[in-house]
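Chemist: Got a structure here, written out as structure tokens. Questions coming.
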Amino acid sequence: MNKKILFIAYFYPPLAGSGVYRPLKMVEYLRNHGYYVDVLTIENINYHTTDKELLLQSKANHIHRAKSYDPLAILSKFKRKKPGNAKPLVLNEQNKRLINSFFPIDNKIGWLYPAYKKANELFKNNSYDLCFATIGPYTSALLASKIAQKHAIPYVIDYRDHWTLNSFKFDYNPLNRVLSKYYEKKITQKAALISCIGDVMKHELCKTFIQNEEDKCLVCYNGYDEREFERINEEPESKQRIIRYLGTFNGNRTVKYFSKALFELIEEGYCFNNLCFEFYGNFDSETVQYLSISKEDSLIKILPQIPHQESINKICSAEVLLLFISSEDGQGVLTGKIFEYIRSKKMILPMIRQDGEANAILKKLGYQKSCSMEDIDTIKSYIKQINEKTFNNYPSKDIDISFYSRENQCNQLIREIDKLFLK
């Protein structure tokens, strides 16, 4: 195709975590379709998860990095002066919201003008045909809009999370919501194409911002990468029965209620039959405190974040996988792990919003058991069933899940991008 795309992704390797894999794989599939793709991303920042191996997987033609004056970038410079202090900062949600309230749009706004300046430098030697921005941070959408306007090219906005329709972003600064809504409406209306992670999000975006242009908004689920499941390494058989959670707790998503259910069972003298609950991730102090409920070290293990391929191995070797989505979150919230959980064909204990899209997808695929994240009594009942080997929550054997592969999902979006150049 020989068309050139400037791909804007604040979160890109060597950063890791849930926000990185979508842009990393999108760049790969764009390249597979013949596009020339340069990535514009951030310089070093103090981030909770990094994975240098992911950088080796990048298929971008070039990766260009712009400095920033946002908190994570400033903190990274400060930390480099103290080489012995390498631990990343992990804030609880209350502190995150308080800090974010001081910034217009989001706390990455300090990246906007350095990145804009860098983009203009790139245009001196490259004639890009399209600007593609994945959000959040929402600053990236402003950046794409400014670049596209200056250089008279179309732009695509890819939503990994809601912006002003997010259920918890603007608690402490309602004026920021007004400012953000103004820009979100302006940016979505002028975008050539919008993609998002689910049907509910698409409906909400169209209803709020682009009522008369619904055709330019499409769903691109996060999906799973089939190749990662072909590279699974068999783990030694464990003496314990392992129940695992791999990911983060943020926003309204918390382990509080699950922890309380476990604590009540312990207090009641309930006997666990060789179970071990493992939580992999970089957790804030509040989450660690919730999980520190048992004097038996063998019952609950808090483990550090692991590389992505290793996390796939852990998913596939677990007996049951834990899934959390708050009932206070929007109906369209879909965690990145849900599709990898589905692909593993392991049992899932979904503690999720009952009228949400995640629950609808699981039900469609044959998972019959779920409860709300806050339903302590039902969680206790399910834990007992797991312990007593009566919990049975597998997908239907005759269901084809290939529709949810990341490749199929990305290719749907790329076909729409192709059409932009035929107009």
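Please treat every number below as a calculation from the coordinates, not as lab data. No experiment lies behind these values; they were computed from the predicted model shown. Virtual Cβ from ideal backbone geometry, glycine too; neighbours counted across all protein chains shown.
Chemist: For the chain, take the longest principal axis of its alpha carbons; what is the angle in degrees between that and the long axis of helix 18-32, to the nearest 10 within 0 to 90?
Modeler: Long axis of 18-32 versus the principal axis of the chain: about 50 degrees.
Chemist: What lysines does Lys117 reach when the alpha-carbon gap must be under 20 Å and sequence neighbours fewer than 8 apart in one chain are set aside?
Modeler: Lys4, Lys67, Lys108, Lys146, Lys150
Chemist: Sticking with the crude label model, points 7 Å out along Cα→Cβ, report the distance from Ser292 to Phe103 in nm, one decimal please.
Modeler: 2.9
Chemist: Enter the angle in degrees (range 0 to 90, nearest 10) between the Cα long axis of helix 112-123 and the first principal axis of the Cα atoms of the chain, meaning the one along which they spread out most.
Modeler: On a 0 to 90 degree scale, this one is about 50.
Chemist: How long are the semi-axes of the ellipsoid equivalent to the chain, from square roots of 5 times the Cα gyration tensor eigenvalues, in whole Å, largest first?
Modeler: Equivalent ellipsoid of the chain: 37, 24, 21 Å, largest first.
Chemist: Using only C-alpha positions, report the orientation-averaged shadow area of the convex hull of the range 227-402, nm², one decimal.
Modeler: 10.0
Chemist: If each of Asn411 and Ser381 carries a label point 7 Å out from its Cα toward its Cβ, how far apart are those two points in nm?
Modeler: Label-label distance for Asn411 and Ser381, simple model: 4.3 nm.
Chemist: What does the extension gain come out to for Leu56 and His151, with contour length at 0.36 nm per residue minus their alpha carbon separation?
Modeler: Gain in length upon complete extension: 31.1 nm.
Chemist: Reachable aspartates and glutamates from Lys3, Cα under 18 Å, same-chain residues fewer than 8 places away excluded?
Modeler: The qualifying aspartates and glutamates are Glu28, Asp38, Asp129, Glu416, Asp418.
Chemist: What do you get for the angle between helix 256-267 and the principal long axis of the chain? Use alpha-carbon atoms, 0 to 90 degrees, nearest ten.
Modeler: Between the helix axis and the principal axis of the chain, the angle is about 10 degrees.
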